[in-house]
Amino acid sequence: MNNYAATTVKRQRCVYRNLWATVLTDSFTDAIHGDKASMLWFTAKGGMFSTLCMLLDLPEQKIREVVLKGQTKK
């Protein structure tokens, strides 16, 4: 792989990482504010949220706990 191709691949990974980070942030905000679909997305085990946490190296269980605590405060 030449330098140009390697740089392009790194840029693509960065763009996808930023995109998924935005999706997580938006969904997290919706879940905290009571959106049932977002809440389900965060609490379902083995789904896309779990995969994204693994890919983005995020603490899956801690995020779930924050979402659940936000829901119980209402």
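Please treat every number below as a calculation from the coordinates, not as lab data. Since this is a predicted model, take the numbers as computed values, not measurements. All Cβ positions, even for glycine, are placed from backbone atoms using ideal geometry, and neighbour counts span all protein chains on display.
Values as computed for the structure displayed
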read-out: Order of Met54, Met39 - criterion: other Cβ atoms within 10 Å of each residue's Cβ, fewest first; value: Met54, Met39
read-out: Ranked list, fewest to most other Cβ atoms within 10 Å of each Cβ, for Glu60, Glu65; value: Glu65, Glu60
read-out: Phi to ³J(HN,Hα) by Karplus 6.51 cos²θ - 1.76 cosθ + 1.60 over the stretch 50-62, Hz, x for Gly, Pro; value: 4, 5, 5, 4, 5, 5, 9, 6, 10, x, 3, 5, 5
